[in-house]
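Trainee: Mind having a look at this structure? Questions to follow.
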Amino acid sequence: MSNKQEIKVPDIGDVDKVPIIEVLVSEGDEVEREQSLITLESDKATMEVPSSMAGTIVELRVGEGDEVGAGDVIAVVEVTEEAPDSPSAEEQAEAAPDEAVEDDGDKAGEQREEPVQAAEDASREDGPAQSPPAGDSDDLPPPPIPYEAMGEDPSRIPHASPAIRRLARQLGVDLSRVSGSGRKGRITEEDLKGHVKQAMQSGGAAAGGGLDVAAAPQVDFARYGEIEEVTLSRVQQISGPALHRNWVSIPHVTQFDQADITEMEAFRQASKSTAEQAGTRMTPLVFLIKAVVAALREFPHFNASLAPDGKTLVMKKYYHVGVAVDTDNGLLVPVIRDCDKKGLIELARELTDLSERARAGKLKADEMRGGCFSISSLGGIGGTAFTPIINAPELAILGVSRSEMAPVWNGEAFEPRLMLPLSLSYDHRVIDGADAVRFTRYLAAQLEDLRRLLL
């Protein structure tokens, strides 16, 4: 006996809505379980949403260009045969937040708490009632006052869902400065975005107390000649605000140095055939990753993040390194995990795989999260030095420019040596200049004598 089931969008990470860039099926199509239905573009990555059951699509409720979020219905399928262990659409939607706990601890909790938070927020304003009827959130007893709000006037506590509070933290917005247009003054996503937009147009920082910056000049460029307007790629639109936030909110200092990689390059050239036999390429970046891990072990406060209170360092016991990849759509930073546990060949394979999938737009969102330290290499293009922007919440980033032969005094004469320029940008709130120099000197020593990496 056939029955109709809805297929819904599962958990998609830290965003509420993402656009559909491709619809892979049509009404009337027969689909198999796990067959891809639509393709989403989320947080600099694309992801395909599969069918949770086999059957015939009797109704398609989305189209290319639509924006969808977790729980939205993609299609209605008439199921003719359903595997016993196949979860229903409802179970899939309910299970998705729990599955996301491992990827993002806050996100799952936020989605489960959303209905509770809405009820609690409503009850806070209307007050308690005896024997509240089911479904009437206005009569629920008031919740305990959050720890961070103790001592404050309850009426002044911002009224927003956990998802909105999280977004506000990411944007650096003080919710007490945002006016809510939702029911009973609840702050919506549109309220938050409108606040940020207004702050940017007025030249102020979104956090409400940052910089007194003059507004950008409004220029009619067409007055001076022919122009063409080109829309930024989605990656650039996502990266731009984050880069601006990192630049204005982190006191950057950049330390420049050089490493003599003459012997390292000779070893790399000799290892090319071994790498090719293993199906990969041995690039200088592989050695840089190993050297960075050694430096992070020697200087553990570089492998940390500053807590939101600005008073605590979160020290990390793992070594996940992000590597910037230049793509047609913009810069992406996939993360190689547990670099301390992998050899050069294994790192080379993973680096090649992530780079190729980044350029093809096939990275998963989780593959660009959780980094401890980032490397941005422009050596394949050129340049002598640059000032990379820190990828918050990391505390430092290493920039690498093109190596070149230079005369180096050996105590008796000048000899040609291959020198690699290093540019280390660091958060001066946590890292002092002296430690930054020690870090780059230690890093250079690892690259100059690869035997050190074995100690």
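Derivation of every value follows stated rules applied to the coordinates shown; laboratory data play no part. Just so it is clear, the structure is predicted and the values come from calculations on it, not from any experiment. Glycine gets a Cβ as well: all are built from the backbone with ideal geometry, and neighbour counts include every protein chain shown.
Trainee: Search the structure for amide H atoms under 5 Å from the amide H of Val253, placed 1.01 Å from N in the peptide plane, and list their residues when 5 or more places away or on another chain.
Mentor: Result for Val253 returns Tyr426, His428.
Trainee: If one computes the Cα centroid of region 363-392 and of region 264-292, what distance in Å separates the two points?
Mentor: 19 Å
Trainee: Still on this structure, I have one more. Rg and Dmax of region 232-387 over Cα atoms: what are they, in angstrom?
Mentor: 16.6, 51
Trainee: What order, most packed first, do the peptides 367-377, 398-408 have when packing is the mean number of other Cβ atoms within 10 Å of each residue? List each step's numbers first, then the result.
Mentor: Numbers: 367-377: 20.5, 398-408: 17.2.
Output ranking for 367-377, 398-408: 367-377, 398-408.
Trainee: Around Gly399, which amide H atoms from residues at least 5 apart in sequence, or from another chain, sit under 5 Å from its own amide H, with H modelled in the peptide plane?
Mentor: Amide H neighbours of Gly399: Ser376, Ser423, Leu424, Ser425.
Trainee: Ranking request for peptides 316-323, 379-386: highest mean number of other beta-carbon atoms within 10 Å first, then the rest in descending order. Please report the intermediate quantities before stating the final value.
Mentor: Values: 316-323: 18.9, 379-386: 12.6.
Put in order of decreasing packing, that is 316-323, 379-386.
Trainee: Starting with the fewest neighbours, write out Val230, Val437, Val9 ranked by other beta-carbon atoms found within 10 Å of each beta-carbon. Working shown, then result.
Mentor: On the way: Val230 5, Val437 14, Val9 23.
Least crowded to most crowded, the residues run Val230, Val437, Val9.
Trainee: Measure up Lys8/Lys317; Lys193/Lys341; Lys341/Lys364 against 32 Å on the Cα-Cα distance and list the ones that go over.
Mentor: Values: Lys8/Lys317 38 Å; Lys193/Lys341 42 Å; Lys341/Lys364 22 Å.
Too far apart for the 32 Å limit: Lys8/Lys317; Lys193/Lys341.
Trainee: Still on this model: To make sure I understand the rule: partners must be lysines, Cα under 19 Å from the Cα of Lys272, and not fewer than 8 residues away in the same chain. Which ones qualify?
Mentor: Filter leaves Lys290, Lys342.
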